[in-house]
Amino acid sequence: MPEKYVIGVDVGGTRIKTGAVLNDGTLIEKRVRPSGYALSAEALEAAVLEEIYAIQSSIGEPPTGIGLGFPGVVNLKRGVVMLPGKLRIEGYPIVPNLSRILSLPVIADNDGRLSIMAEAAFGKAREFEWAVSITLGTGVGSGVMLDGAILRDPRLQFGTQASHVIQQSRSDRLCITRARGTANILCSATALGILAQDGLARGLPSVLNELYFENPNNVNFETVINGVRQGDALCIDALKTWRTELGWFLVSVVHMYSPEIIILGGGAAAGAPYFLSEVRTHVNQHTFRYPPDEPTLIELSDISTHNVVLGASLLAWREALG
């Protein structure tokens, strides 16, 4: 008989990641499928169920419980209760629905909070009491641990909204908060692609010109980093602007939470050889801290691909075992 396991589900803006996880954090099965803005709440719920059933079928036994990770403001026993501008599941009772359908304990939380839970249990935050995880993907997510405690509050947002700090109040770009120039829209992986698209739209020469005119959406974080590898001036300039904004955001993170370590994950982490060293230097030149010669560590997550799945599994085990 297979060892007992739970299923963690990471529901993001572009993908649903699902994994079967043992009580010691071992990931024994994993799946990935597209999600997206076009899916109705019912369709998204059906997709999550399909992934759960697929893992259950592969293992041959039902899980002990289910943990879900979502962007936005998440109620543990209901699901997403506020999510302007992203997945169409705001207010939808996905947690009780899945619990009823599966006859299993189901629980949910914000994906940024789950990421720091996973880092504290299995990742780069294990040796620290004060840590922040930052996810650089479609948007920018955050999770915070202070003095060994994961931040949580009655309004369900504590520690998960770091990226809504305003960096450019005169920016022409609106955030989902209706504020202008937030870190969420200046520092995401998406933001780098948009910076490059702006130059390409104005006809600046680049190795990405042909790709852009085929479809502007072809120009994204990955293709810009490929352009940087080729020494493309437009891509290098876009990356310089982007990493400076990221550096200023992390300066604010240090001043807000005073972490010993900041752990970076998400799709942009793959481009770290082209920005991480400069960002570290920027942050530690511009933060006010004590002792002044003690740098804030800025590291890449080594569990980033499935950290939300792992964090959701921690919740599921706690719920299942009481």
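For this structure, a couple of remarks:
- When the residues of segment 50-108 are filtered to those that are among the aromatic types (Phe, Trp, Tyr) and crowded, with 19+ Cβ neighbours inside 10 Å, the one that is nearest to the chain's Cα centre (by Cα) is PHE70.
- Elements of type strands (runs of 3 or more DSSP E) in segment 43-141, at least 2 residues being in the same structural domain as LEU250 (by TED's automatic domain parsing): 131-136
- For ARG280, the stated conditions hold: it is surrounded by fewer than 20 Cβ atoms within 10 Å (Cβ to Cβ), over 19 Å from the mean Cα position of the chain (by Cα), on the phi < 0 side of the Ramachandran plot and part of a helix (DSSP H, G or I).
- Taking segment 259-278 as the range and being within 23 Å of ALA120 (Cα to Cα) and not small (Gly, Ala, Ser) as the test, the residues that pass are PRO259, GLU260, ILE261, ILE262, ILE263, LEU264, LEU276.
- Some residue of segment 285-293 being over 25 Å from LEU76 (Cα atoms), assigned to a helix (DSSP H, G or I) and either assigned by TED's automatic domain parsing to the domain that holds ASP10 or at pLDDT 95 or above (or both): yes
- Residue list for segment 120-136, filter: over 25 Å from MET82 (Cα atoms) and not aromatic (Phe, Trp, Tyr): ALA120, ALA121, GLY123, LYS124, ALA125, ARG126, GLU127, GLU129, ALA131
- For THR244, the conditions (1) more than 29 Å from THR287 (Cα to Cα); (2) over 17 Å from the mean Cα position of the chain (by Cα); (3) assigned to a helix (DSSP H, G or I) are fulfilled apart from (1).
- Search result, residues across segment 74-103 that are in contact with a Lys or Arg (Cβ under 7 Å, 6 or more places away or on another chain) and closer than 18 Å to THR160 by Cβ: VAL95
- The criterion of being loosely packed, with under 14 Cβ neighbours inside 10 Å, of a type in the set (S, T, N, Q), closer than 15 Å to ASN97 by Cβ and free of Cβ contacts under 8 Å to residues at least 60 places away in the same chain holds for SER40.
Quick grid of which residues meet (1) touching a Phe, Trp or Tyr at 6+ places or on another chain (Cβ under 6 Å); (2) assigned by TED's automatic domain parsing to the domain that holds GLY203; (3) not aliphatic (A, V, I, L, M):
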{"position": "ASP232", "(1), (2), (3)": "no, yes, yes"}
{"position": "THR244", "(1), (2), (3)": "no, yes, yes"}
{"position": "LEU250", "(1), (2), (3)": "no, yes, no"}
{"position": "VAL253", "(1), (2), (3)": "no, yes, no"}
{"position": "GLY265", "(1), (2), (3)": "no, yes, yes"}
{"position": "VAL283", "(1), (2), (3)": "no, yes, no"}
{"position": "THR296", "(1), (2), (3)": "no, yes, yes"}
{"position": "SER313", "(1), (2), (3)": "no, no, yes"}
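The values are calculated or read from the model by the stated rules, or taken from the named source; none is laboratory data. Note that the structure is predicted; figures quoted are calculated from it, not measured. Methodologically, a virtual Cβ is constructed for each residue, glycine included, from the backbone with ideal geometry; neighbour enumeration extends over all protein chains shown.
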